[in-house]
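Q: Quick one: the structure is below, and I'll ask about it shortly.
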Amino acid sequence: MAPETNTTFLAELPLFAGLDAAARARLESMVEARELAAGSYLFRQGDPSTFVFAVQAGRLEAVAEGDGGPTLLRVLSPGDVGGLTSMVVAKGRSATLRALDPARVLTIPKPRFLELLHSTPALAEAMIAALSDKVRTKTVQVASLLGAEARATPPVAVFDAKPYDRDFFELHVGDGLGFRYFEARLGPDTVELAKGHRVVCPFVNDHLDRSVIEGLAAHGVGLIALRCAGYNNVDLAAAEAHGISVVRVPAYSPHAVAEHAVALLLALNRKTHRAYNRVREGNFSLAGLVGFDLHGRTAGVIGLGKIGRCLAEILVGFGMRVLAHDPYPDETYARDAGLELTTLDELLKASDVVSLHSPLLPSTHHLINAARIATMKQGVVLINTSRGGLVDAAALIDGLKSGQIGAAGLDVYEEESDYFFQDRSDRVIADDLLARLMTFNNVIITSHQAFLTEEALGNIAATTAGSIREFLAGRRRDELTHRVPPPTTN
Ligand code: NAD
């Protein structure tokens, strides 16, 4: 880029806007452009302050290292100017600046900048204005951090919290981040609990409809930090309308979920759950426990995203022929992984095992229904570790009764929210479909536990804490790394 362009860019910034032609000409001779690769540093905390700078392209993060670890202070984007304080106060850099994207930064060496400052009243005035603005912003930030409510209340309300959530989230407490744990789920009756918190952290069965979002907005909540991948339980349009950001954990361990799908498949096929009970009762008979070799059989993976891919690779390892269906197929990946991409109809017709890994969307609700079950292979094993709403439970029961479905492994159930994650052993089960499913000896139901590994819980807590720190540090909504974008209106 030509130096004139650099000066033109600088001249449009408020700091330099008042310079006359002579001062601009001098500025032109001072500017040096630096290209930064993503991940590289402009300077590190403690380095001597030798230049003032303006970001011309890309984004940089300012991170301060404290006793409690690194804290994201802000993200600088094109037009942001930095290093002004250290032009008038002799001190080293107070933070580390690292490029988040390929970035271009214009720098002016300190002695040259001071020369210009001393000789140009317009620059001195603009400098005072810029520094005053900075002081005002910092004062507001500090006041909000030190406010009585903030001191008394940790910023994050974690709903539907279990002991294992607490264990992993507590590892991230410090530097203004703290959690209050509520066993209750977030919903219309519990939204009052969010009062005084800037962030709520719900899970899969919390219910954030429009009325709950309105309640959160009224209580000053600015961020919904979902500690799961799916976001079908949040009214995103309402959140957008109330200026509340939504973030999620896009991937915490696809392996955990895929491996649980395999656990269900192996247990059902080899009837391990029945063998275990028999042997405990002193019954060592093998009658009724015949399974089949997975090797050489055909598996159908519906939804070839992160989890579907992990599962497909495991099943290829078993020596299965693996069919996959995804409306947005990655043909190169499928070919390299040894998978056959196909239509949903063909997959259902040909597969001995069908595993669901697509998200729950209006278009995938009851993807597995009576009509589709009728087209599946007699005796097919159906595994659902994705979302309960993908399967019409009544149709599944009919399929199991007729033998069309040979076995079902369900980690999710459409109406799970009244039961899953809770000890309901002292009450009767009022849900007739769930109760009927539980009676089949060829059905294994687990309580939405596919994600429950140390690795996944650690990743969930770390990603969620990182998103919350970004928010607390003042990142703009569209700069939150794991933001769930609002729905498009067309
Ligand atoms: P992902 O976004 O990486 O992959 C989803 C895939 O489904 C994408 O490739 C998408 O193109 C595809 N898809 C969309 N519509 C489809 C359709 N109509 N038919 C077939 N495929 C379709 O998501 P992921 O991380 O692999 O997770 C998959 C699902 O697993 C999530 O939506 C979530 O509901 C569920 N999940 C469950 C648990 C658990 O503990 N049981 C944990 C994490 C995720």
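The values are calculated or read from the model by the stated rules, or taken from the named source; none is laboratory data. Because the structure is predicted, anything quoted here is derived from the model rather than measured. Cβ coordinates were reconstructed from backbone atoms using ideal geometry, including for glycine residues, and neighbour counts include every protein chain displayed. The accessibility values were calculated without ligands, DNA or RNA, using every heavy atom of the protein model including side chains. Shrake-Rupley method; radii C 1.70, N 1.55, O 1.52, S 1.80 Å.
Q: With the condition kept exactly as written, say whether any residue in the range 396-404 is within 16 Å of the ligand (Cβ to nearest atom) and either farther than 26 Å from Tyr276 by Cα or not in a loop (DSSP other than H, G, I, E, B) (or both). Give the derivation first.
A: Filtering the range 396-404 for residues within 16 Å of the ligand (Cβ to nearest atom) gives none.
Within the range 396-404, not a single residue is within 16 Å of the ligand (Cβ to nearest atom) and either farther than 26 Å from Tyr276 by Cα or not in a loop (DSSP other than H, G, I, E, B) (or both).
Q: Enumerate the pairs (first residue in the range 126-139 and at pLDDT 80 or above; second residue anywhere and of a type in the set (S, T, N, Q)) with beta-carbon separation below 8 Å, excluding pairs fewer than 6 apart on the same chain, so at least 6 apart or on different chains.
A: Between residues of the range 126-139 that are at pLDDT 80 or above and residues that are of a type in the set (S, T, N, Q), the close pairs are Leu131/Thr85.
Q: Also, quick follow-up: Return yes or no: is Ser355 within 16 Å of the ligand (Cβ to nearest atom) and among the hydroxyl-bearing types (Ser, Thr, Tyr)?
A: When the stated conditions are applied, Ser355 passes them.
Q: Testing Ile224 on (1) aliphatic (A, V, I, L, M); (2) open to solvent by 10 Å² or more (accessible area, probe 1.4 Å); (3) more than 16 Å from the ligand (Cβ to nearest atom); (4) not in a helix (DSSP H, G or I), one condition comes back false. Which one is that?
A: Against the list (1) aliphatic (A, V, I, L, M); (2) open to solvent by 10 Å² or more (accessible area, probe 1.4 Å); (3) more than 16 Å from the ligand (Cβ to nearest atom); (4) not in a helix (DSSP H, G or I), Ile224 comes up short only on (2).
Q: Taking the condition modelled with pLDDT under 65 and surrounded by fewer than 17 Cβ atoms within 10 Å (Cβ to Cβ), does Ala152 pass?
A: The answer is yes for Ala152.
Q: Quick one: which of Pro111, Pro78 is without any contact (Cβ under 8 Å) to a residue 40 or more places away in the chain, open to solvent by 60 Å² or more (accessible area, probe 1.4 Å) and part of a loop (DSSP other than H, G, I, E, B)?
A: Just a single option satisfies the conditions, and that option is Pro78.
Q: Would a scan of the range 479-490 turn up a residue that is at pLDDT below 95, open to solvent by 50 Å² or more (accessible area, probe 1.4 Å) and charged (D, E, K, R)?
A: Within the range 479-490, not a single residue is at pLDDT below 95, open to solvent by 50 Å² or more (accessible area, probe 1.4 Å) and charged (D, E, K, R).
Q: Only one of these conditions is not met by Ser417: (1) open to solvent by 60 Å² or more (accessible area, probe 1.4 Å); (2) hydroxyl-bearing (Ser, Thr, Tyr); (3) in a helix (DSSP H, G or I). Which number is it?
A: Ser417 satisfies every listed condition except (1).
Q: For the range 190-210, check the following and say yes or no: at least one residue is within 16 Å of the ligand (Cβ to nearest atom), among the β-branched types (Val, Ile, Thr), in a loop (DSSP other than H, G, I, E, B) and open to solvent by less than 40 Å² (accessible area, probe 1.4 Å).
A: Yes, because at least one residue in the range 190-210 is within 16 Å of the ligand (Cβ to nearest atom), among the β-branched types (Val, Ile, Thr), in a loop (DSSP other than H, G, I, E, B) and open to solvent by less than 40 Å² (accessible area, probe 1.4 Å).
Q: Related question: Any chance you could count how many residues in the range 35-65 are at pLDDT below 85 and open to solvent by 40 Å² or more (accessible area, probe 1.4 Å)?
A: Adding up the residues that qualify gives 1.
Q: Of the residues that make up the range 230-241, is at least one modelled with pLDDT of 95 or more, open to solvent by 20 Å² or more (accessible area, probe 1.4 Å) and within 16 Å of the ligand (Cβ to nearest atom)?
A: Yes, some residue in the range 230-241 is modelled with pLDDT of 95 or more, open to solvent by 20 Å² or more (accessible area, probe 1.4 Å) and within 16 Å of the ligand (Cβ to nearest atom).
Q: Does at least one position in the range 83-95 carry a residue that is open to solvent by less than 10 Å² (accessible area, probe 1.4 Å) and either at pLDDT 90 or above or of a type in the set (D, E, K, R) (or both)?
A: no
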